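The values are calculated or read from the model by the stated rules, or taken from the named source; none is laboratory data. This structure is a prediction, so every number in the text was calculated from the model and none was measured. Virtual Cβ from ideal backbone geometry, glycine too; neighbours counted across all protein chains shown.
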Amino acid sequence: MKLVKHLANLGYGSRKEVAWMFREGRVTDAQGEVLYADDPLDHANVRVDGEPLDPPPGLTVMLHKPAGHTCSMKDPGRIVFDLLPPRFRLRSPALSTVGRLDRDTTGLLLLTDDGALLHRIVSPKSKLAKVYEAELAQDLRGDEAALFASGTLMLESETTPLLPARLDVLGPRRARLVLHEGRYHQVRRMFAAAGNHVQALHRPQVGGLALDDLPEGHWRVLDAADLDRLFSPELP
Ligand code: URA
């Protein structure tokens with residue numbers, strides 16, 4: 001692939017805009033030698049305005065999503081892409097969220113441009129655990145763990161029951177829920193089916209990958225070791 005196309009795919013601009021960047025001498029190698037639009041691609045050795053390039057395709061990031069941002073590209077309000085470098089929404093292949101968290105849910109959100117990886121993460125076959133911590137409006141009744149573990153709970157307007165889920169009681173109005181699927185508003189609807197209401201929802205972990213000390217609103221690129229951890233079955 002020609003360098004000009006690679007930079008356009010990374011979101012540095014349209015092909016025309018990127019062609020101008022070459023003409024202006026803004027694209028160099030690591031030693032500062034000017035590069036040309038049809039030079040062969042050596043990603044790690046390219047600089048734009050002296051800065052290394054954004055990561056090449058095969059990019060997966062983890063974001064600590066704050067409340068108030070939606071996972072949609074079209075929402076007129078704040079979106080999770082506002083928390084990432086502006087170039088990230090112009091990339092090709094596109095960076096997509098892996099599933100969604102509701103506007104007011106906080107926690108671990110994955111984004112990737114790798115379609116096969118995305119499908120592997122969301123596929124029920126992977127049985128990847130999604131760990132949620134919920135603050136509830138009312139005290140737990142005591143029968144929720146059995147109801148959620150039953151494998152027979154049917155949510156309104158659905159035709160198949162939920163897979164068994166694990167509930168750990170963390171306090172009178174606090175619970176951890178471990179799911180192996182991701183239906184629309186699933187946690188909120190599960191607690192609604194148990195006569196309760198979720199007031200705040202946080203996802204600290206997906207598979208074996210936890211937010212750890214990543215601050216809210218921050219993100220980081222995942223490496224191969226992180227992806228191994230993601231698919232390892234370590235749970236709290
Ligand atoms: N379940 C929900 O209800 N909301 C989320 O954001 C994620 C899971």
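Go through region 80-97 and give me each residue that's touching a residue at least 60 places away in the same chain (Cβ under 8 Å) and of a type in the set (A, V, I, L, M, F, W, C). Passing the criteria: Leu83, Leu84, Phe88, Leu90.
Here Thr106 fits the description: hydroxyl-bearing (Ser, Thr, Tyr) and assigned by TED's automatic domain parsing to the domain that holds Thr70.
This table checks each residue for (1) at pLDDT 95 or above; (2) under 22 Å from the mean Cα position of the chain (by Cα).
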position: Ser123; (1), (2): no, yes
position: Arg183; (1), (2): no, yes
position: Phe191; (1), (2): yes, no
position: His202; (1), (2): yes, yes
position: Leu214; (1), (2): yes, yes
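Exactly one residue among Leu214, Leu153 is away from the ligand (no atom under 16 Å from the Cβ), out of contact with any Asp or Glu (no Cβ under 7 Å at 6 or more places or on another chain) and either in the same structural domain as Leu109 (by TED's automatic domain parsing) or not basic (Lys, Arg) (or both), and that residue is Leu214.
How many residues are surrounded by 10 or more Cβ atoms within 10 Å (Cβ to Cβ) and of a type outside the set (Asp, Glu) if we restrict to region 151-165? Quick ask: steps written out before the conclusion?
Of region 151-165, the ones surrounded by 10 or more Cβ atoms within 10 Å (Cβ to Cβ) are 151, 153-155, 158, 161-165.
Next, only the ones that are of a type outside the set (Asp, Glu) stay: 151, 153-155, 161-165.
Residues in region 151-165 being surrounded by 10 or more Cβ atoms within 10 Å (Cβ to Cβ) and of a type outside the set (Asp, Glu): 9 in total.
Candidates in region 121-140 are the residues that are touching a helix residue (DSSP H, G or I) at 6+ places or on another chain (Cβ under 7 Å) and among the hydroxyl-bearing types (Ser, Thr, Tyr); of these, the one that is surrounded by the most Cβ atoms within 10 Å (Cβ to Cβ) is Tyr132.
The selection criterion, being of a type in the set (A, V, I, L, M), loosely packed, with under 12 Cβ neighbours inside 10 Å and within 26 Å of Leu83 (Cβ to Cβ), does not hold for Ala146. State whether the residues of region 166-186 include one that is within 9 Å of the ligand (Cβ to nearest atom), in contact (Cβ under 8 Å) with a residue 60 or more places away in the chain and either on the phi < 0 side of the Ramachandran plot or surrounded by 17 or more Cβ atoms within 10 Å (Cβ to Cβ) (or both). The answer is yes; a qualifying residue exists.
Look at region 189-205: where a residue is near the ligand (Cβ under 9 Å from one of its atoms) and a partner is of a type in the set (S, T, N, Q), sitting 6+ places away or on another chain with Cβ atoms under 8 Å, you get Leu201/Thr105; Leu201/Thr106; Arg203/Thr105; Arg203/Thr106.
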